[in-house]
Every structure is written in C-alpha cells, then in structure tokens.
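Asker: Provided herewith is a single structure, encoded as structure tokens, for subsequent inquiry.
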Amino acid sequence: MEQSEEELVAGLLDAQSKAKKLFAAIQTQNLIRPGAKESEVNEGIYALAESMFGISRYWHKRIVRVGPNTLAPYDENPPDLSVGEDDIVFLDFGPVFEEWEADFGRTYVVGNNPLKRKLCRDIEEAFASGKRYFQQHPEITAAELYAYAQQLAETSGWEYGGPIAGHLIGVFPHEKIAGDKITLYVHPKNHNRMRVPDASGRERHWILEIHFVDRELQIGGFYEELLTIG
C-alpha cells in the first residue's frame with residue numbers, strides 16, 4: 001500500500017530522530033577513541049544500532065573516516081586508519097528503520113585542536129545556511145545548490161570536498177534510475193529543479209550533505225541530514 005505524503009514525512013522524520021539518538025549514544029559509549037581503527041568503530045556502531053533499534057539493514061555502505069581519510073569522498077575506500085590523540089573523525093551512516101531510510105553524518109574532534117573544532121562549527125553553520133537558501137529559492141536547481149555549497153566552503157576558508165552535496169531519500173529503496181549518477185543527486189551537472197515531482201507525481205525529499213576539506217592539512221569535515229523537512 002502506497003504511503004500518503006503525511007506518512008512519508010512522518011516516517012522520514014522518525015528515522016532521522018532515531019539516527020540522532022544513535023549518534024548521541026556513539027558518544028556516550030565512547031566508540032570514537034584514540035587507538036581504535038575505523039573498522040572497529042564501524043563494527044561497534046553496527047552492534048550498538050542493532051541493540052538499540054534492531055537495525056541490520058543499511059541502504060549504503062557504513063562510513064567511518066579518520067584523519068587523512070576525511071578527505072575521501074563516498075565512492076573511495078581508503079586504508080583502515082586508527083584514531084589518534086589529536087584527530088578528526090566523521091561518520092556517514094544510512095540505516096533503514098523498518099521501511100524508512102535515514103542518512104546522517106557528523107564530525108567529531110578528538111583532542112582540542114582549534115582549527116579542527118572550527119571546521120566542525122563551519123560545516124554545521126553551512127548546513128543551516130544551505131537549508132535556508134533552499135527554502136528561500138523555490139525554483140532552485142540541484143546545480144545551483146551545489147554551487148552554493150562550494151561558495152560556503154570558500155567563504156569559510158575551506159574547499160568543497162565532494163562531487164555531490166546531497167541526494168534523494170525516501171522509503172527503502174528510494175527512487176533510483178540504473179546508471180544515473182546525476183539527476184537524483186545535488187550534482188554540479190544536474191540542472192533540474194529540485195522540487196519537480198517524482199515519476200509518480202509525488203513530492204521528492206532530499207538530503208543535504210556538506211563536506212569541507214583542507215588538502216594541505218589533510219583534514220575534512222562532513223555534516224548530513226534531511227533538507228526538505230525537519
């Protein structure tokens with residue numbers, strides 16, 4: 001049975017709320033700690049998610065990136081690094097809660113490095129700015145939002161690190177077109193309006209992701225959650 005728009009919005013918001021609780025528990029459980037390998041943090045989060053919410057499905061690979069690996073965009077698979085005493089770590093997880101997808105990303109600083117802490121603040125503020133920009137421009141295209149994300153990075157003294165700045169989200173599995181790496185993403189070559197309905201005539205819902213990097217310092221930060229609602 002096809003969900004109504006109200007059910008879809010409620011389901012996506014509930015999935016994101018649970019993802020927030022999971023990420024709060026990651027900190028409480030001290031899973032991100034010096035000496036832990038990315039793979040160990042990943043498995044620890046997997047076990048925590050299963051115990052808290054019974055999650056066993058993820059609609060995309062679970063990402064834990066440490067230090068220089070925070071420069072790497074989603075498609076890359078860099079070597080398994082360990083968390084240092086003075087480090088930066090980001091998580092990108094896409095858990096499926098019942099039939100609802102979440103996509104949630106956050107960055108954590110281990111230690112008190114002021115520049116890394118600034119990066120965390122800047123990506124959170126950039127997300128808020130990107131969401132306001134989307135709301136203020138009803139006819140915005142995906143390419144325009146990507147360009148704005150690049151502009152936010154440059155204004156803050158960073159470089160935009162990813163080939164996209166978001167994507168569609170929905171009921172698992174969300175709308176996909178085989179081989180399409182552009183029109184369903186906040187991509188610099190996607191000149192479609194983001195508020196165009198999907199193939200069924202329904203409102204589309206999007207994720208916004210912010211990935212700022214400093215390639216010289218080999219650090220990056222990532223922040224991701226729902227764009228169109230919440």
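Asker: Name the residues in the range 89-140 that are in contact (Cβ under 8 Å) with a residue 40 or more places away in the chain and in a helix (DSSP H, G or I), would you?
Answerer: Hits for the range 89-140 are L115, K116, L119, C120, D122, I123, E124, A126, F127, G130, K131, F134.
Asker: Quick one: E7 ticks every box in (1) over 21 Å from the mean Cα position of the chain (by Cα); (2) exposed (fewer than 13 other Cβ atoms within 10 Å of the Cβ) bar one, so which box is it?
Answerer: Exception for E7: condition (2).
Asker: Also, quick follow-up: Just need a number here: residues in the range 10-48 that are over 17 Å from the mean Cα position of the chain (by Cα), crowded, with 17+ Cβ neighbours inside 10 Å, hydrophobic (A, V, I, L, M, F, W, C) and assigned to a helix (DSSP H, G or I).
Answerer: Qualifying residue count for the region: 2.
Asker: Can you name the residue in the range 194-216 that is at pLDDT 95 or above and exposed (fewer than 14 other Cβ atoms within 10 Å of the Cβ) and is also farthest from S17 (Cα to Cα) among such residues?
Answerer: Residue satisfying both the conditions and the ranking: E216.
Asker: Now a separate question. Could you please let me know if E85 is touching a residue at least 40 places away in the same chain (Cβ under 8 Å) and either buried (at least 21 other Cβ atoms within 10 Å of the Cβ) or more than 22 Å from G161 (Cα to Cα) (or both)?
Answerer: Taking the combined requirement at face value, the residue satisfies it.
Asker: Write out, first by first residue and then by second, each pair whose Cβ atoms fall under 8 Å of each other, whose residues are 6+ apart or on separate chains, and whose first residue, in the range 38-54, is at positive phi while the second is outside any helix (DSSP H, G or I) and surrounded by fewer than 16 Cβ atoms within 10 Å (Cβ to Cβ).
Answerer: Going by the 8 Å Cβ cut-off, there are no qualifying pairs.
Asker: Please go through the range 199-222 and give me each residue that is closer than 27 Å to S156 by Cβ, among the charged types (D, E, K, R) and not in a strand (DSSP E or B), ordered by number.
Answerer: R215, E216
Asker: Being closer than 23 Å to N69 by Cβ, surrounded by fewer than 20 Cβ atoms within 10 Å (Cβ to Cβ) and over 15 Å from the mean Cα position of the chain (by Cα): is that true of P114 here?
Answerer: yes
The values are calculated or read from the model by the stated rules, or taken from the named source; none is laboratory data. Owing to the predicted nature of the structure, the values given are computational and were not obtained by experimental measurement. All Cβ positions, glycine included, derive from the backbone under ideal geometry; neighbour counts span all protein chains shown.
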